[in-house]
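Structure first, commentary second.
Readers should treat all values here as calculations from the given coordinates under stated rules, not as data from a laboratory. As the structure is a prediction and not an experimental result, all values here were calculated from the model. Methodologically, a virtual Cβ is constructed for each residue, glycine included, from the backbone with ideal geometry; neighbour enumeration extends over all protein chains shown.
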Amino acid sequence: TSTWIVEAAGTNNLVAGGWRRDLLEQGELVSVEIHPMKSGSPGGLLRWVTLASGQVLAVDKDSPAGVVIGDTPNKTSPESGQSIVNIAADQRQAFEARRNQWAGRSTVDRPGSLPLINEGSSMAALDPQNIANPAQKPAFDMTGVWLFRREPQHSESYNGNDWDFLPLPRLTPQAQAIYDDTWARRRAGEVYRDPSAYCYPPGMPALMTRIGNLMFLQQDTAVYMVHRFNNEFRTIYTDGREHIDPNIRNDGYNGDSVGYWDEDSLYVDTVGFGMPQHFVLAGIPFSEQGRIQERFFMLDNGNTLAIEFTLTDPVNWEGEWVDVKFYDRMLEFDIQEASCIADLDSTIPGL
């Protein structure tokens, strides 16, 4: 007997395909069809499950049930009970009785002057005055949820992965040695230099190529991004500011991003890296001298977001490393919490 770890699709997609929480009992004997891991480790991607009763829970179209997740409309009913509207109305009277009490408590330790001001700093992106008088008007609005588009034909032509920036640049001798060592160990089945599998942040630019959805909330003064991958957060400031003084900047995985609306595109410049376990992709590290320049532009009547990446890092490769990635607008989808837990996420890395 051995333990296998099997990865399925997202909960919403499974439910839409007929799955329910109570269809599988702990300890139940089932038959599972999977795509096994390339490394030979005990695990893989789920294709379908056959229950002891003979019922098939499908994931892909080749299942005996002939159903693909997402084909069947979600017919589940919401949990029974009052609606949130009714609950709020029922509790309103009790809240009103406490409201003045809370207002009085607020006066005890209230600052002498409001609003609070971070003395010595410049105006922030969400300050009401900054929002009311933006430095520029955006050329388009990215607000919404976007799905990273996989390009198998392009990636296979360079013998790479869908999320890689291709073609690869000419690496420096130092980086080439790291790259060769990484892939020698990976081909031997070792989980090596895969920081995301151990819950390190993917960092820029890898953050922009994680499989899954990302959400943009756009103001006239900044663009805020949340990726489904471990709730990763990124800000692009578009209020006319320059980069933070490197003497006081806190370098990070996503860097310091400032943008400028250049006619029909958004130009973004990002610096301020230098964190441990930061890789552009498997085996190619990103140093504190790294710089990322992006051009955001729209295609397909605003339903495709294209981002051209120009990556430079004289420590690890020569010249400019240029590629473009595409993101398709996703409707009827909200970003949900997705927390990285190393004990679980390190079980099937490198699938």
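Here are a few things to note about the model shown:
- Rounded to the nearest whole Hz, the Karplus-based 3J(HN,Hα) values (6.51 cos²θ - 1.76 cosθ + 1.60, θ = phi - 60°) of segment 98-107 follow the sequence 9, 4, 5, 4, 5, 4, x, 4, 5, 6, with x at glycine and proline.
- Filtered trypsin sites (Lys or Arg not before Pro), segment 102-180: DSSP coil and at most 15 other beta carbons within 10 Å: Arg149, Arg150, Arg170
- Using the Cβ-Cβ distance between Ile87 and Glu332 with R0 set to 22 Å, the FRET efficiency works out to roughly 0.30.
- Percent of Cα-Cα distances greater than 30 Å, calculated over the chain: 52
- Working note: Karplus 6.51/-1.76/1.60 with θ = phi - 60° gives segment 242-248 the couplings 9, 4, 5, 3, x, 6, 10 Hz, where Gly and Pro are set to x.
- Distance between modelled label sites at Ala103 and Ala139, nm, 7 Å Cα→Cβ extension: 4.9
- One chain, two ends: Ser287 and Arg187. Fully extended at 0.36 nm per residue, the span grows by 33.5 nm beyond their Cα-Cα distance.
- Here the alpha carbons of segment 247-302 define both size measures, Rg and Dmax, at 13.9, 43 Å.
- Backbone amide hydrogens, once placed in the peptide plane, bring Asp256 within less than 5 Å of Val271, Gly272, excluding anything fewer than 5 places away on its chain.
- Computed from the C-beta positions of Glu263 and Thr235, the FRET efficiency with R₀ = 22 Å rounds to 0.45.
- Amide H contacts of Leu281: none lie under 5 Å away among residues 5 or more positions distant or on a separate chain (H built 1.01 Å from N in the peptide plane; Pro and chain starts excluded).
- Each of the peptides 201-207, 83-89, 18-24, 189-195 was scored by the mean count of other Cβ atoms within 10 Å over its residues; in descending order, highest first, they stand as 201-207, 189-195, 18-24, 83-89.
- Listed peptides 48-54, 313-319 appear in the order 313-319, 48-54 once ranked by packing, highest mean of other Cβ atoms within 10 Å at the front.
- Sequentially through segment 229-237, phi angles give Karplus couplings (6.51, -1.76, 1.60; θ = phi - 60°) of 5, 6, 6, 5, 10, 9, 10, 10, 7 Hz, Gly and Pro residues having no value and appearing as x.
- Set of segment 200-217 residues, backbone N closer than 14 Å to the point 7 Å along the Cα-Cβ line of Leu126: 217
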